[in-house]
Structure formats: structure tokens, C-alpha cells
Amino acid sequence: MSSLPPPELLTPRLLLRLVQEADLTDLLAVHADEEVNRYLPYVTWRGMADAQAWYAKVLQRRREGSAMQFVLQQQAGGRVIGGCLLFRFEPESGLAELGYALGRRDWGEGYMQEALSALLDYAFGAMQLRRIEAEVDPRNRASGQLLLGLGFQCEGLLRQRRVMKGEIKDAQMYGLLRDEWLARRAGSR
């Protein structure tokens with residue numbers, strides 16, 4: 001991973017930028033919703049103390065170079081509506097994992113597809129990653145459909161992959177290669 005900070009990424013409706021402490025109020029509104037956090041590996045935030053604890057972990061991972069946590073900020077109005085991140089970097093393999101969450105009031109509007117398209121352009125372009133992976137709870141059909149729509153391939157079911165929130169959970173593995181992404185982008189122009 002480059003030691004340079006990532007640029008701000010613009011899409012038609014969004015600005016993707018690294019999360020800042022000032023974003024925590026908007027992110028609390030997103031992550032205080034049980035439905036948003038249903039399939040995420042952390043518990044629903046109960047207040048600003050949870051947001052601050054999460055932010056401290058984000059900053060630590062940023063310092064370590066193990067994750068880049070972006071927020072999705074609407075260009076019209078400036079509201080932060082969710083986040084996406086690249087993490088679990090394996091520089092020698094050109095590999096990273098993808099994660100994301102969007103506030104429920106903005107579901108179904110195409111925001112996450114727009115944001116992840118920009119993030120994948122950056123990851124496969126400037127960062128020169130070779131492969132991006134995502135693990136999804138098989139019950140989260142919307143997330144699986146999002147990834148398929150972006151060109152990811154479902155590569156299999158990892159049975160009893162994780163214990164999250166005291167529950168043993170399977171994970172559906174998705175993968176996308178740089179060559180596939182670049183060919184897809186070239187074909188859409």
C-alpha cells in the first residue's frame with residue numbers, strides 16, 4: 001500500500017474521502033440502525049462513545065497501513081450516508097478485501113454501486129492491486145447482487161467462517177481481478 005494518502009474520489013453524486021472525526025455524527029445515524037449492522041462484524045452503535053471507539057480503531061489501522069476507510073458524502077448537501085473500505089492488504093500478492101455499509105434511508109438509490117466503482121478504479125489503477133475479495137453473509141442477498149453487478153464472481157461458500165456477535169456464520173466469497181475490471185470498464189466506454 002502506498003504511503004501517500006489516497007485522493008478524494010468524485011462520482012456524479014458523491015465524494016469519497018478518508019473518514020474524519022467530524023463525520024461521526026452522520027455515521028452514528030447510519031450505524032445506530034440494527035438493519036444496517038445486521039450482517040456487519042460489529043455491534044450496533046448505541047451512542048457517540050461507540051462511534052469514538054470505532055474511529056480510534058480506524059485511525060490505528062490507517063497508521064499501520066492495514067486499512068483505508070472512506071466515507072460516502074453526498075455532493076449536494078454534504079451529508080455522510082455510509083462508508084467503504086479496503087483492508088487486509090497483502091502487498092506481495094496485490095490483494096485487498098472490500099467492505100461497505102450504507103444508511104438505510106439511502107438503500108436502493110445506487111449510491112454504493114457508484115461509490116464502489118470509483119473505489120475499484122482507484123484500487124486497480126493507482127494502487128495497482130491485482131485482486132479484491134469480499135466476504136458476504138449468504139443471507140445478505142442485496143450485497144451479493146451488488147458485487148455481481150460490479151463484476152465480482154461468487155467463488156464459493158466458506159462454511160462456519162466466522163463467529164460474529166456470538167453466532168457462527170457462513171461467508172460467501174466473492175473475487176474480482178484487475179484484468180476483469182479493466183476489460184469491463186473498457187467495454188462500457
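FYI, it's all coordinate maths here, none of it is from the lab. Just so we're clear, the structure is a prediction, and the values are computed from it rather than from any experiment. All Cβ positions, even for glycine, are placed from backbone atoms using ideal geometry, and neighbour counts span all protein chains on display.
Across the chain, the convex hull enclosing all Cα atoms gives 123 Å³ per residue.
Projecting the Cα atoms of 16, 51, 77 onto the dipole axis of region 11-85, where Lys and Arg carry +1 and Asp and Glu carry -1 at the beta carbon, places 16 farthest toward the positive end. Applying the criteria of a DSSP loop state and at most 15 other Cβ atoms within 10 Å to the chymotrypsin sites (Phe, Trp or Tyr not before Pro) of region 8-48 yields 42. Alpha-carbon geometry of region 1-92: the Rg and the Dmax are 13.5, 40 Å, given in that order. Within the chain, what's the longest stretch lacking GluC sites (Glu not before Pro) that sit in DSSP loops with no more than 15 other Cβ atoms inside 10 Å? It runs 9-108. Here the residues 70, 89, ranked from fewest to most Cβ neighbours within 10 Å of their Cβ, fall in the order 89, 70.
As a footprinting exposure proxy, order 127, 112 by other Cβ within 10 Å, with the fewest listed first. Mind dumping the intermediate values first?
Numbers: 127 20, 112 23.
If I rank by nearby Cβ atoms, fewest first, I get 127, 112.
How big is the dipole moment of the chain about its Cα centre under a simple scheme where the beta carbon of each Lys and Arg is +1, that of each Asp and Glu is -1, and everything else is neutral? Debye, nearest 20, please. Walk me through the numbers before you get to the answer.
On the way: 25 positive and 24 negative charges, 25 e Å.
Computed about the Cα centre, the dipole is about 120 debye.
The Cα-based radius of gyration and maximum Cα-Cα distance (Dmax) for region 102-189 are 14.2, 46 Å.
Helix-only arithmetic for the chain: the sum of -39500 (n - 2.57) across DSSP H runs with n ≥ 4, divided by the residue total, places the mean residue ellipticity at 222 nm at -9500 deg cm²/dmol.
For each of 107, 54, 181, count neighbouring Cβ atoms within 10 Å of the residue's Cβ, then give the residues from fewest to most. Let's see the in-between values first.
Details: 107 15, 54 18, 181 22.
Arranged by neighbour count, lowest to highest, 107, 54, 181 become 107, 54, 181.
The local environment of residue 129, defined by Cβ-Cβ distances under 14 Å, has a net charge of -3 under the rule Lys, Arg +1 and Asp, Glu -1.
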